[in-house]
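S.K.: Quick one: this structure, given as structure tokens, is what I'll be asking you about.
Coordinate-derived values only; no laboratory data. These figures come from a predicted structure and were not determined experimentally. Quick reminder, even Gly has a Cβ in these numbers, built from the backbone with ideal geometry, and neighbours come from all protein chains shown.
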Amino acid sequence: MLTVSRRRLGQMALALPLASPAAGARRANAANTVRIGAIYPLSGNAGSAGQALQKAIEVGVDIVNNAHPDLAALPLGPTAGLPNLGGAKVQVVFADQQGNPSVAQSDALRLITQDRVNALVGCYQSSCTLTASAVAERYGIPFVAGESSAPNLTERGFKWFFRTTPIGSDFGKAYGEFLQGLAKQGQQVRSVAIVNENTDYGSSTGDAIAAGLKQHGLSLALRIPYNANSTDLSAEVLQLKQAGPDTVIFVSYTSDSIQYVKTMHTLGYKPPVVIGDDSGFSDPAFVKAVGDLAQGAINRSSFDPGNKGSTSWVVNEMYKKATGRALDDTSARGLNGFLVLCDAINRAGSTEPAKIQAALRATNLNADQIMIGYNGVKFGPNGQNELASTLLVQLRGTDWDVVWPQAKATAKVELPFKG
Amino acid sequence: MILPQVIVSGLLLGAVYALFSSGLTLIWGMMNVVNFAHGDFVMLAMYIAFFCWTGLHAGPAMSVPLAALGLFLLGVVVYFGLIKGVMRGPMLAQILSTFGLALLIRYSAFWAFSANFVTLPSDLVGGTIVLGGLRIPASRLMAGVVALLLTLGMHLMLTRTMLGSRMLAVAEDRQAAMLVGIRPDPMQALAWGLGAASTGIAGALIALFYYISPTVGESLVLIAFVVVCLGGFGSVPGALIAGLLIGVIESLSAYWAGAVYQDAVVYALFLAVLWIRPQGLMGSL
Amino acid sequence: MKRIVPALALIGVAVVVWPLLVDNVYLQRVGALVLLMAISASAWNIIGGFAGQVSVGHAIFFGAGAYSSLVVFTRLGWPPIAGVPLGVAVSLALSVLVGVPTFRLRGHYFSMATIAAAELIRILVATWPLLGAAVGLMGPPTPRSLADLSFTSPLPYYYLFLVVLLILLALTRWMQLSRMGYYLRAINAGDRAARSLGVPVLRYKLYALVFSAAFTSVAGSLYAIMIGFADPDSVLGILVSVKVVIMAAVGGAGTLFGPLIGSILLVPLEEATNAAFGGSGSGVTYVVYGAIIMLVARFEPGGLLDLARRARLFLARRVEAARRAA
């Protein structure tokens, strides 16, 4: 008795300033809601990406909790709530990791122990996913990473970590195959330059692409790592101009991709093939800012809205309605991860972590059951989605058309880059 | 033709550095306060330019004066509300207060304008001037010319006008200035206002060719510190020269050594200069 | 004095016991983070507070500690704690390298030079494959033995950090009372005055920096051990340097307990605002944080301990006056 009351006392005294606003509600709703924690960079330098992801997850909550007959292909589309849990609703608790791995870890701990979430998704930056998922692993809470592509995340032997997105080496392979295909059509693509921003994302993706190109017999003419915050990128573009590679692959964030396109235009430089590696090129701000100077640019993306009425088209329309802008690839991948998790919880028929984990392991979704252009979702022993894949799209007007792989293409690739 | 183009690009970049450092120099030189919120002042001016475009469809002819006016007022308010109280306190309190201000401005912008990147249409001040094979974007050229004019104007104001002499007198010795009948507060408030106003001009012009987001100031402020330090304590022409120098060095080192090292080269050079000349290039001890 | 000793003892017991009484791991973690920040800020306080040399580049030493711990793990397979001596050694070398050229600089120039040095090192580390370049280094994903100091509960970290903090505070107190403390106060008042008193200014500035750097490095190592990850931004970024300055200055720079007080107030504040408002994605966390440090600087430029001191003086005077009147 004494210990209990002392604990209570201590909690009352010390928990007060830190009590999360949801804490009061958490016991009451245990029966008919499923709580999922979502950790994203909602402020800080990556705030733009984090907020777009937050909106996408909110669309995901709408898809799961409400009946959407037009999304019949998705496992939880036509039904309201999770049918196997008696129609339980999903509730998402968001946390801001500020781009800081230590904060991400605190967030994960808080969501698991205070908000009692049943599973976690996140965290955009691979560094934050790394530290947050380590906490989830310790507590035995399933963690689904929808966007973080650093290869080492699934090399840690974790049992509670699942990743739906393709990773660096998949991208390298995609570019290699694509360029090899172009070469067969007689396009001169033998020498390639990689221009990558110099943080986690850019340098690890740059390495993976370089390795992928090598495997496909393409030569790396030049590699330019640079600082994404640079006020001026003329020197980089002039280096490219002098080396004159056939293909340039940009691994860039939003502001710097915009800068590159502007600077290339100013300095009158037009390489025959321009490829953007997702991130910056996929940001709706990119097409808005420099779409008219980037006609014919190729971009990696797993998401393509496709034809009117298709699953991805409907999801894109929902997102547009909520935010006024189109769903970008990163947010789409995050949303897909979230939906895969919800499907697993539903199949588990329980909020018990071990059952969710087993259901995630048993996940087997085909390409039509997801809202993104993967070949499906099926996790390998390390938790990596073995069916993850990517598309290459080309900018025409203000739309991106799928040009690779052949099986999913909606248009033929048109070269050279028009600028 | 590549190398001359690299140098020209470096000079244009340097002009931008000089432009957004000019206001910081004035404030720093006048009252020995480092404004950690300087980058966020630039950011606010960029948003003023952006809203001028979205709201009024007005270009720099409208946004530059408006940003100058807006930031002037902000500078005066910040002086009376914050700086006046910490100016003669410990240096730590100054760092703390302007850093707090920086966070406050940055995250208020976050809250008010959202985290999304925005840009002005690239053809607002469009076109590329081709001069004997060298390609110069008009917007950056304009920024460079304004940087020159602003520096010249500020220098003349400080050295040739009564107002400038009074401001310098207050900066030199507050007590002595009071003895000869100069009231220090209006002078220093004016210095803050003018410093912030020139920051406003800089921001509105940089917005023409750079992206705009709440955190943009963070990436600009460090280089501004280096420019001002290198130029020498409160030396207005020093900051111009330092800015141009750093621009060219960054451009050349990016071209020769690789873009990742361009900032490293600048910082290393800066430390070397301070070691040899602790007062900066044009400053006096 | 008679009343102070039991009060201190009471506070001491409370500090040791409270984490055992709250059955809340998140609060325990916040407690550990407070202590970790207090170690960094108290270490900074030696050069920045007592000696008055406002370094905004202490991330150099924090990063050296963090990277050393993780590099002995990734390259040699040793437990991260084994990297502590390496981190301290590297920090000592770096403090001489940074200190000798910059100690001649005065006021803001010194601060700016330390910022530049820290940024320079951050950029170089971000391109250095041995240290994981931009991607960073990871600790043991799952603990291999107790020596990895990888715990699920934050409690072991809390007590580990508490011990380190106590050692640091005891050493600082000892320094305060020794000749060095006297010299540093003279240096704080002004180089020229100190020199005229016969204080070997450069040498003692360097001693202070070395002392400060060593403990900052230990803090960095402890951070890396607890978080299990380090990359250029999170351990060498300018925010790391600025944060320790803020903690010390808000609490009271140049006082023994100032940095601790600053950490006790600001770290939970940051956590609480992030928990309450972070999820809304509005950035309110840092609006509040910024406003508070701005207000402290404006109205209590000497830090909060200064306020407490003045309050005590004020009360004592009132009591004295009341006694006289009676």
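S.K.: Okay, helix-only estimate at 222 nm for the protein assembly as shown: each DSSP H run of n ≥ 4 adds -39500 (n - 2.57), divide by all residues, round to 500 deg cm²/dmol; what do you get?
M.R.: Helices in the protein assembly as shown give a 222 nm mean residue ellipticity of -20000 deg cm²/dmol.
S.K.: Shape verdict for the stretch B:180-246, please, from the Cα gyration tensor: rounded (a/c under 1.5), prolate (a/b greater than b/c) or oblate.
M.R.: oblate
S.K.: Moving on. With only Lys, Arg, Asp and Glu charged, each at its Cβ (+1 for the first two, -1 for the last two), find how big the charge dipole of chain A is about the Cα centre; round to the nearest 20 debye.
M.R.: 1020
S.K.: Quick one: order C:Ser40, A:Ser279, A:Ser169 by neighbouring beta-carbon count within 10 Å, fewest to most.
M.R.: So the ranking, lowest neighbour count to highest, is A:Ser169, A:Ser279, C:Ser40.
S.K.: Turning to a different aspect of this structure: Once label points are set 7 Å from the Cα along Cα→Cβ at both C:Ala325 and A:Glu155, what is their separation, rounded to one decimal in nm?
M.R.: Going from the C:Ala325 label point to the A:Glu155 one covers 7.6 nm.
S.K.: Quick one: which of A:40-50, B:50-60, B:216-226 comes out on top by average Cβ neighbours within 10 Å, and what's the full order, highest first?
M.R.: Ranked by mean Cβ neighbours within 10 Å, highest first: A:40-50, B:216-226, B:50-60.
S.K.: Determine the dipole magnitude for chain C: charges of +1 sit on the beta-carbon of Lys and Arg, -1 on that of Asp and Glu, nothing else is charged, the reference point is the Cα centre, and the result goes in debye to the nearest 20.
M.R.: With only Lys, Arg, Asp and Glu charged at Cβ, the dipole is about 1540 debye.
S.K.: Let me know the mean shielding of A:88-94 by other chains, meaning the per-residue number of their Cβ atoms within 10 Å of its Cβ.
M.R.: The per-residue average across the peptide is 1.
S.K.: From other protein chains only, count the Cβ atoms within 10 Å of every residue's Cβ in B:113-125, then give the mean.
M.R.: Mean inter-chain Cβ contacts per residue within 10 Å come to 6.
S.K.: Let me ask another. Please identify every one of the trypsin sites (Lys or Arg not before Pro) in the stretch C:1-58 that sits in a loop by DSSP and has no more than 10 other beta carbons within 10 Å of its own beta carbon.
M.R.: C:Lys2, C:Arg3
S.K.: Only counting other Cβ atoms within 10 Å, I'd like A:Ile345, B:Ile241 sorted with the fewest neighbours first.
M.R.: In order of increasing Cβ crowding within 10 Å: B:Ile241, A:Ile345.
S.K.: Provide the gained length on full extension for the span B:Val180 to B:Leu131, in nm with one decimal, where the gain is 0.36 nm per separating residue minus the Cα-Cα distance.
M.R.: Difference between extended and current length: 12.3 nm.
S.K.: In chain A, with Lys and Arg counted as +1 and Asp and Glu as -1 at Cβ, which of these residues, A:Leu53, A:Ala108, A:Gln98, has the Cα nearest the positive end of the dipole, that is, farthest along it?
M.R.: Farthest towards the positive end: A:Ala108.
S.K.: Using a 10 Å cut-off on Cβ atoms, rank the peptides B:35-41, B:154-160 from the highest mean neighbour count down.
M.R.: Per-residue Cβ counts within 10 Å, averaged per peptide and sorted highest first, yield B:35-41, B:154-160.
S.K.: How compact and how long is the protein assembly as shown, expressed as Rg and Dmax of its alpha-carbon atoms in Å?
M.R.: Cα only, the protein assembly as shown: 28.9, 105 Å (Rg, Dmax).
S.K.: Moving on to the next point. Can you find, among A:Leu327, A:Gly217, C:Phe103, the residue sitting farthest towards the positive end of the charge dipole of the protein assembly as shown, where Lys and Arg contribute +1 and Asp and Glu -1 at Cβ?
M.R.: Of the options given, the answer is C:Phe103.
S.K.: For the stretch C:297-326 and the stretch B:124-174, what is the separation of their Cα centres, given in Å?
M.R.: Comparing the Cα centres of the stretch C:297-326 and the stretch B:124-174, I get a distance of 51 Å.
S.K.: Now for a different question. Computed FRET efficiency, Cβ-Cβ of C:Ser153 and A:Arg361, R0 25 Å: what is it to the nearest 0.05?
M.R.: 0.35
S.K.: Sorting C:Ile123, C:Ile11, C:Ile39 on the 10 Å Cβ count, fewest up front, what's the list?
M.R.: C:Ile11, C:Ile123, C:Ile39
S.K.: Distance between the C-alpha centers of the stretch C:262-277 and the stretch C:115-167? Whole Å please.
M.R.: For the stretch C:262-277 versus the stretch C:115-167, the Cα centre distance is 22 Å.
S.K.: Restricting to the stretch A:264-419, compute how many DSSP beta bridges are antiparallel as a %, nearest 5.
M.R.: Rounded to the nearest five, the antiparallel share is 85 percent.
S.K.: With both bridge residues required to lie in the protein assembly as shown, what share of the DSSP beta bridges run antiparallel, to the nearest 5%?
M.R.: Bridges in the protein assembly as shown that DSSP calls antiparallel: roughly 35 percent.
S.K.: Roughly how big is chain B's charge dipole about its Cα centre, with Cβ charges of +1 (Lys, Arg) and -1 (Asp, Glu), in debye to the nearest 20?
M.R.: 400
S.K.: Using the alpha-carbon centroid of each, what span in Å lies between the stretch A:166-194 and the stretch A:275-326?
M.R.: Computed from Cα coordinates, the inter-centre distance equals 22 Å.
S.K.: I'd like the FRET efficiency for C:Ser145 and A:Glu414, computed as 1/(1 + (r/R0)^6) with the beta carbon distance as r and R0 of 45 Å, rounded to 0.05.
M.R.: 0.15
S.K.: A follow-up question, please. Using 5 Å bins from zero, what percent of all Cα-Cα pairs in the stretch C:5-126 falls into each bin?
M.R.: The distribution over the stretch C:5-126 is 2, 9, 14, 17, 15, 14, 12, 9, 6, 2, 0, given as percents.
S.K.: Calculate, for A:Arg325 and C:Ser280, the FRET efficiency according to 1/(1 + (r/R0)^6) with r their C-beta to C-beta distance and R0 25 Å; round to the nearest 0.05.
M.R.: That gives a FRET efficiency of 0.80.
S.K.: Students often get this wrong, so check it: of A:Lys173/A:Lys418; A:Lys308/A:Lys418; A:Lys321/A:Lys412; A:Lys288/A:Lys320; A:Lys159/A:Lys408; A:Lys55/A:Lys320, which have C-alpha atoms separated by over 22 Å?
M.R.: A:Lys173/A:Lys418; A:Lys308/A:Lys418; A:Lys321/A:Lys412; A:Lys159/A:Lys408
S.K.: Which of the DSSP-defined H helices in chain C satisfy a minimum axial length of 30 Å, computed from C-alpha atoms, and a minimum mean Kyte-Doolittle hydropathy of 1.6?
M.R.: C:155-177
S.K.: How big is D for the stretch C:27-95, in µm² s⁻¹ as a whole number, if Stokes-Einstein is applied with the Kirkwood radius of its Cα pairs at 4 °C and 1.567 mPa s?
M.R.: 98
S.K.: Among B:268-279, A:110-121, C:100-111, how do they line up from the highest to the lowest mean number of other beta-carbon atoms within 10 Å?
M.R.: Averaged packing, sorted descending, gives the order A:110-121, C:100-111, B:268-279.
S.K.: Averaged over peptide C:54-65, how many Cβ atoms belonging to another chain are found within 10 Å of each residue's Cβ?
M.R.: Per residue, the average neighbour count from other chains is 1.
S.K.: Considering all alpha-carbon pairs of chain A, what whole percent are spaced by more than 39 angstrom?
M.R.: So the portion of pairs separated by more than 39 Å is 20 percent.
S.K.: Still on this structure, please answer the following. When the convex hull of the Cα atoms of the stretch B:116-174 is projected onto a plane and the area is averaged over all directions, what value comes out in nm²?
M.R.: 7.7
S.K.: Here is a further query. Let me make sure I get this right: for chain C, a, b and c are the square roots of the gyration tensor eigenvalues over alpha carbons, sorted descending. Under 1.5 in a/c it's rounded, otherwise prolate if a/b > b/c, else oblate. Which is it?
M.R.: oblate
S.K.: Still on this structure: For labels at A:Gln185 and B:Asn32 in the simple 7 Å Cα→Cβ model, what's the distance in nm?
M.R.: 6.9
S.K.: Can you give me the span-like helices of chain B, meaning DSSP H runs with 24 Å or more of Cα extent along the axis and Kyte-Doolittle mean at or above 1.6?
M.R.: B:2-31, B:60-78
S.K.: Describe numerically, in nm with one decimal, the distance between label points set 7 Å from Cα along Cα→Cβ at C:Trp174 and at C:Ala193.
M.R.: If labels sit at C:Trp174 and C:Ala193, their model points lie 2.9 nm apart.
S.K.: If you restrict to DSSP beta bridges whose two residues both lie in chain A, what percentage is antiparallel, to the nearest 5?
M.R.: Approximately 25 percent, going by the DSSP bridge assignments.
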